[in-house]
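S.K.: Let me give you the structure first, and then I'll get to my questions.
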Amino acid sequence: MCGIVGYVGPRQATDVILEGLRRLEYRGYDSAGIAVVHATEAGGTISSDKRAGKLANLEKSMATTPLAESGTGIGHTRWATHGPPNDRNAHPHLGSTGRVALVHNGILENFDALRVELERAGHDLISDTDTEVAAHLLERELTAGADLTTAMQRTCSRLRGAFTLVAIDALDPSRVVAARRNSPLVVGLGDGENFLGSDVAAFIEHTREALELGQDQVVTITADSVSITGFDGAPSEGRGYHVDWDLSAAEKDGFDWFMRKEIFEQPRAVADSLLGRRTSSGALHLDEMRLSEQELRDVDKIIIVACGTAFYAGMVAKYAIEHWTRVPVEVELASEFRYRDPILTSDTLVVAISQSGETADTLQALRHARAQRSRVLAICNTNGSTIPRESDAVIYTHAGPEIGVASTKGFLTQLVACLLLALYLAQVKGTRYGDEVTQVLDQLEQMPEHIESVLAAADQIYELAAAHTDAKTVLFLGRHAGYPIALEGALKLKEIAYLHAEGFAAGELKHGPIALLEEGLPVLCVVPPRDRDQLHDKMLSGIQEVRARGARTICIAEEGDTAIAPYADVLISLPKVPVLLQPLVAAIPLQLFACELATLLGHDVDQPRNLAKSVTVE
Ligand code: AGP
C-alpha cells in the first residue's frame with residue numbers, strides 16, 4: 001500500500017523518482033506526488049507537484065511545468081486510507097512554512113490527538129489525511145533547531161501505528177531521511193548515490209545492492225553515506241543483501257499485462273522454487289529452515305495464517321500436511337486469528353504465508369503467535385521483508401518480483417513451498433518412507449513441464465473468456481485440493497474482472513448454492529483425478545446436478561477423462577498428476593480466464609480498482 005521513493009545523487013532526482021514510482025505504482029494508484037529540494041541564495045527551497053489519479057496525471061503536469069533541477073527528492077504513489085483521493089490529500093505533505101516535505105505509507109493511529117495539539121498551537125492543517133500531522137511535527141522540530149535526522153527521531157517517538165516516512169528539508173539539500181515501523185522500507189546502495197524505496201523495484205535499474213532496515217529505525221542517506229539509528233538516536237545497522245533478479249524481471253517484456261507475463265513465467269518460477277532442495281543423498285533439504293529436527297518432531301499442531309490467495313495456498317497445505325504427516329492443521333484468515341484467542345503452545349507451529357512479506361494482518365498474527373511462545377515459519381517471496389525477518393524459520397519461494405496485483409506465480413510457488421514443507425515434516429517425523437518423499441519430489445520436478453503444457457493451450461481459454469463477456473455471475477466448484485482452487489478462481493475473477501463469482505466445495509452445492517443455478521449460468525468445475533475414484537465420482541454427480549438445471553458446465557479435468565466428457569459443455573484438459581499436485585496445473589486455466597475476460601471487458605488488469613498489491617494496513 002503506497003509506494004515510496006527517495007533519492008540523493010548526481011542524477012536528476014525527478015527522473016529517478018518518476019521511474020521508481022512507475023515500478024511501485026502497483027502498490028497504490030489513487031494519486032502520485034513528488035518533491036525536490038535545491039539550494040538557493042536564501043538557503044534552499046522545496047518544489048513539489050502532486051496529482052490525483054494515476055502517475056500519468058503527475059507526469060503530464062510535470063511535462064508542462066517541470067520542477068526545479070535537483071539531485072535530492074522524494075516521491076509517493078498513494079492507496080488512500082484517510083481522505084478521498086484528490087490533489088489536496090495526495091502526498092507529499094508540507095509543513096506550515098514549506099520547509100519540510102514528507103511522504104508516508106501506513107496509518108498514524110494517534111493522528112487525531114496530534115492534530116488537535118497542532119491546531120491549538122496555531123498550525124493550519126489543510127488535508128484530510130493522517131499524514132499531515134507528521135509533516136508539521138517534523139517541521140516544528142526543525143524550527144526548534146534540530147537537524148532532519150534528529151527531528152525525524154523525535155517525531156517518530158510521538159507516533160503510534162504503522163508508518164514509513166520519508167522527508168526532505170529545504171535548508172539541507174544533501175540528505176533524505178526516512179523512518180520505519182511496521183511498514184516496508186529498503187535502502188539501495190549506489191556508487192556516489194543512494195536510494196530509498198518501499199521495495200527494491202524502486203531502484204533496481206540503478207543498483208542490486210540493498211540494505212534491509214529493522215523495526216523502529218531511522219535512516220539518513222546522502223550521495224555517499226548511509227547511516228542508521230534507532231528512534232532513540234542510538235547507532236544501529238541494517239542487513240545488506242544482493243537482489244537476485246534484475247530490471248528485465250520488472251518489465252512487461254512484450255506482454256500486455258504484468259499479470260499475463262507472470263502467468264507465463266510460472267514454469268520457471270516453480271522450477272526455481274524447487275532448485276537446491278535435495279542433499280547429495282537425495283533427501284529433502286530446506287536451507288533456511290532454522291528450526292531443528294527435534295523442534296519439528298515436537299510439533300503437535302500446525303496453524304496456517306494468511307490472507308486472500310495465500311490463504312488458499314494454506315488450504316491446499318492442510319490436505320498435504322495432514323495426509324503425509326498426520327499432524328492436525330488449522331487454516332485461519334490472518335485477520336481473524338488473534339481476535340478469537342487461539343489455543344497456542346510452544347509445540348504449535350504457526351505457518352505464515354505471504355508473497356509480499358508485508359501484509360499487516362499476517363504480520364500481526366505471527367507476532368501474536370510468537371508472543372504465545374509458538375514457533376513461526378514464514379513462506380515468503382520477498383527477501384528482506386518483515387514477515388520472514390520476524391519468523392523463526394523461512395521457506396523462500398523464488399517467483400521473482402510479482403507486480404500484477406492479482407497473485408499468480410506467487411500462488412503457484414506458495415503451493416510448491418507448502419508441499420515441500422509437508423514432505424519435509426513427513427521426512428523428519430518419519431511418517432513417510434524416504435522413497436515416498438523422493439517419489440513426490442520427482443513428481444514435483446516434472447510440474448514445470450506440465451504447467452508449460454497447460455499454458456500451451458491458452459487459446460482455448462481465451463476463446464472461453466470471449467464467449468463469457470456478458471456473464472454477470474460465474475460459479476466455481478471443486479473438491480478436496482480442488483476446492484481452494486475453485487475459491488482462487490472466483491477471487492481472481494472478482495478482483496480483476498469485477499464480476500460476481502463464488503467458489504464452493506462441490507458437495508455443498510445441494511445444501512444451498514444450487515438455488516443460484518439457472519439456464520446458461522457458467523459453472524467452472526475442477527475435477528479431481530480419476531485415481532481418486534470416490535472423489536472423482538462424487539464430483540461427477542455434482543456436475544450432473546448442475547447440468548440438470550440448465551447451467552453451463554465448464555469442466556477442468558485430467559486428459560482422457562471420458563467419464564466427464566458427456567456432461568461437460570466445455571472440457572479443458574489437464575495433465576495427469578496426483579491429486580495433491582493438481583492445484584499446480586488446475587489454477588492456470590482459471591488465471592488465464594480471469595486475465596483474458598478482464599482484458600476484454602476493458603479493465604486495467606494490473607491495477608484493479610480499490611486494490612493494492614501489498615496490504616500494509618489492518
Ligand atoms: C491475490 O490476487 C490478492 N491480490 C490478495 O488476495 C493477496 O494474495 C493477499 O492480499 C495476500 O498478500 P500476501 O501474499 O502478499 O500476504
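S.K.: Restricting attention to region 216-226, which residues are in contact (Cβ under 8 Å) with a residue 40 or more places away in the chain and either polar (S, T, N, Q) or assigned to a strand (DSSP E or B) (or both)?
M.R.: Across region 216-226, the qualifying residues are V218, V219, T220, I221, T222.
S.K.: Of all residues being part of a helix (DSSP H, G or I) and not acidic (D, E) in region 333-350, which is nearest to R367 (Cα to Cα)? Just the residue, please.
M.R.: R338
S.K.: Determine which member of the set T438, T386 is in contact with a Gly (Cβ under 7 Å, 6 or more places away or on another chain) and either more than 12 Å from the ligand (Cβ to nearest atom) or farther than 26 Å from R208 by Cα (or both).
M.R.: T438
S.K.: If H323 passes every condition in (1) away from the ligand (no atom under 15 Å from the Cβ); (2) in contact (Cβ under 8 Å) with a residue 24 or more places away in the chain; (3) more than 24 Å from L584 (Cβ to Cβ); (4) part of a helix (DSSP H, G or I) but one, which one does it miss?
M.R.: Failed condition: (3).
S.K.: Among the residues of region 545-552, is any among the aliphatic types (A, V, I, L, M) and within 16 Å of the ligand (Cβ to nearest atom)?
M.R.: Scanning region 545-552, I find no residue that is among the aliphatic types (A, V, I, L, M) and within 16 Å of the ligand (Cβ to nearest atom), so the answer is no.
S.K.: What are the residues in region 239-260 that are in contact (Cβ under 8 Å) with a residue 40 or more places away in the chain and either under 22 Å from L590 (Cα atoms) or surrounded by fewer than 16 Cβ atoms within 10 Å (Cβ to Cβ) (or both), if any? Full working, then the answer.
M.R.: Filtering region 239-260 down to residues in contact (Cβ under 8 Å) with a residue 40 or more places away in the chain leaves 239-241, 243-247, 249-250, 256-260.
Selection gives R239, G240, Y241, D244, D246, L247, D256, W257, F258, M259, R260.
S.K.: Right, here's the next one. Which one of the conditions (1) at pLDDT below 95; (2) aromatic (F, W, Y); (3) within 16 Å of the ligand (Cβ to nearest atom) does F411 fail to meet, given that it meets all the rest?
M.R.: (1)
S.K.: Evaluate the following for A223: is it crowded, with 24+ Cβ neighbours inside 10 Å, touching a strand residue (DSSP E or B) at 6+ places or on another chain (Cβ under 9 Å) and aliphatic (A, V, I, L, M)? Write out each step before concluding.
M.R.: Details: crowded, with 24+ Cβ neighbours inside 10 Å: no; touching a strand residue (DSSP E or B) at 6+ places or on another chain (Cβ under 9 Å): yes; aliphatic (A, V, I, L, M): yes.
Here the answer is no, as A223 does not meet what is asked.
Conditions tested, residue by residue: (1) assigned to a loop (DSSP other than H, G, I, E, B); (2) surrounded by fewer than 24 Cβ atoms within 10 Å (Cβ to Cβ); (3) in contact with a Leu (Cβ under 7 Å, 6 or more places away or on another chain).
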residue: G489; (1), (2), (3): no, no, yes
residue: L493; (1), (2), (3): no, no, yes
residue: E502; (1), (2), (3): no, yes, yes
residue: A515; (1), (2), (3): no, yes, no
residue: V523; (1), (2), (3): no, no, yes
residue: D531; (1), (2), (3): yes, yes, no
residue: L535; (1), (2), (3): no, yes, no
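S.K.: While we're looking at this one, here's another question. Kindly provide the set of residues from region 589-618 that are more than 19 Å from the chain's Cα centre (by Cα) and among the hydrophobic types (A, V, I, L, M, F, W, C), ordered by number.
M.R.: Scanning region 589-618 gives L590, L592, F593, L597, A598, L600, L601.
S.K.: For region 355-375, what are the residues that are of a type outside the set (G, A, S) and away from the ligand (no atom under 14 Å from the Cβ)? Spell out the reasoning first.
M.R.: Going residue by residue through region 355-375, those that are of a type outside the set (G, A, S) are 355, 358-359, 361-364, 366-368, 370, 372-373, 375.
Passing the criteria: R367, H368, R370, Q372, R373, R375.
S.K.: Show the residue pairs meeting these rules: Cβ distance below 6 Å; 6+ apart or different chains; first residue within region 341-363 and buried (at least 22 other Cβ atoms within 10 Å of the Cβ); second residue of a type in the set (K, R).
M.R.: L349/R375
S.K.: May I pose another question? Which one of these does V299 not meet: (1) out of contact with any Asp or Glu (no Cβ under 8 Å at 6 or more places or on another chain); (2) within 18 Å of R432 (Cβ to Cβ)?
M.R.: Condition not satisfied by V299: (1).
S.K.: Any idea how many residues of region 186-203 are assigned to a loop (DSSP other than H, G, I, E, B), open to solvent by less than 20 Å² (accessible area, probe 1.4 Å) and modelled with pLDDT under 95?
M.R.: Our first condition is that a residue be assigned to a loop (DSSP other than H, G, I, E, B); within region 186-203, this holds for 190-193, 198-199, 203.
Now drop any that are not open to solvent by less than 20 Å² (accessible area, probe 1.4 Å), which leaves 193, 198, 203.
Okay, now just the ones that are also modelled with pLDDT under 95, so 198.
Of the residues in that region, 1 qualify.
The values are calculated or read from the model by the stated rules, or taken from the named source; none is laboratory data. No experiment lies behind these values; they were computed from the predicted model shown. Positions of Cβ are backbone-derived with ideal geometry, glycine not excepted, and every protein chain shown enters the neighbour counts. Heavy atoms of the whole protein, side chains included, go into the accessibility calculation; ligands, DNA and RNA do not. Shrake-Rupley method; radii C 1.70, N 1.55, O 1.52, S 1.80 Å.
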